[in-house]
Amino acid sequence: MFSVDRSVPVNADLAPGVPALGRSQIWAGLMLKAEDAVPFVPAMSYCKVTGRFENGLFRDIVFHGEPMTEKILFFPEERIEFIRTSGIEMGTIVNEILEDADGALRLRFAFTLERKNLPDGSAE
């Protein structure tokens, strides 16, 4: 199993005249990514929604050439959880909108995944 957890400032170092994004705009972008992550994730070559339910959806993806299925849960304007339900790599990915002590927005990406045939602690 491997875990990665990073957050990045959303509106840092904006060029003059570039408007800052608010929480609702960031959420809209995360929803676009949930619907079709291909434009956002270079290693993903396929993404298709296969079902919907209240506050979520199911989708099939191909990531690094490997087919997988995900259940996606929406926590509006807070976070999205991508739960792998089938494929070579199982676990959870979280995209979360945070606010730091100064009120600045951050976007957090957290991955806790286990890949079949990959030993824990492997450099791979």
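Results, tabulated for the structure shown:
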quantity: Selected residue [in contact with a strand residue (DSSP E or B) (Cβ under 8 Å, 6 or more places away or on another chain), of a type in the set (Ser, Thr, Tyr) and at pLDDT below 95] from Thr50, Thr112, Thr85; calculated: Thr112
quantity: Top-ranked residue in segment 73-97 [being closer than 16 Å to Val4 by Cβ and among the hydrophobic types (A, V, I, L, M, F, W, C); ranked as surrounded by the most Cβ atoms within 10 Å (Cβ to Cβ)]; calculated: Phe82
quantity: Strands (runs of 3 or more DSSP E) enclosed by segment 76-119 - at least 3 residues per element that are under 14 Å from Gly29 (Cα atoms); calculated: 89-99, 105-115
quantity: Every pair of residues 6+ apart whose Cβ atoms lie under 7 Å, when the first sits in segment 89-105 and is on the phi > 0 side of the Ramachandran plot while the second is assigned to a strand (DSSP E or B) and open to solvent by less than 40 Å² (accessible area, probe 1.4 Å); calculated: Gly91/Arg84; Gly91/Leu113
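Quick grid of which residues meet (1) open to solvent by less than 40 Å² (accessible area, probe 1.4 Å); (2) acidic (Asp, Glu); (3) touching a residue at least 40 places away in the same chain (Cβ under 8 Å):
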residue	(1), (2), (3)
Ser3	no, no, yes
Val8	no, no, yes
Leu32	no, no, no
Ala37	yes, no, no
Lys71	no, no, no
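The values are calculated or read from the model by the stated rules, or taken from the named source; none is laboratory data. Given the structure is predicted, the values throughout are model-derived calculations rather than measurements. We place every Cβ from the backbone using ideal geometry, glycine too, and count neighbours over all the protein chains shown. SASA here: full protein model, heavy atoms, side chains in, ligands and nucleic acids out. Shrake-Rupley method; radii C 1.70, N 1.55, O 1.52, S 1.80 Å.
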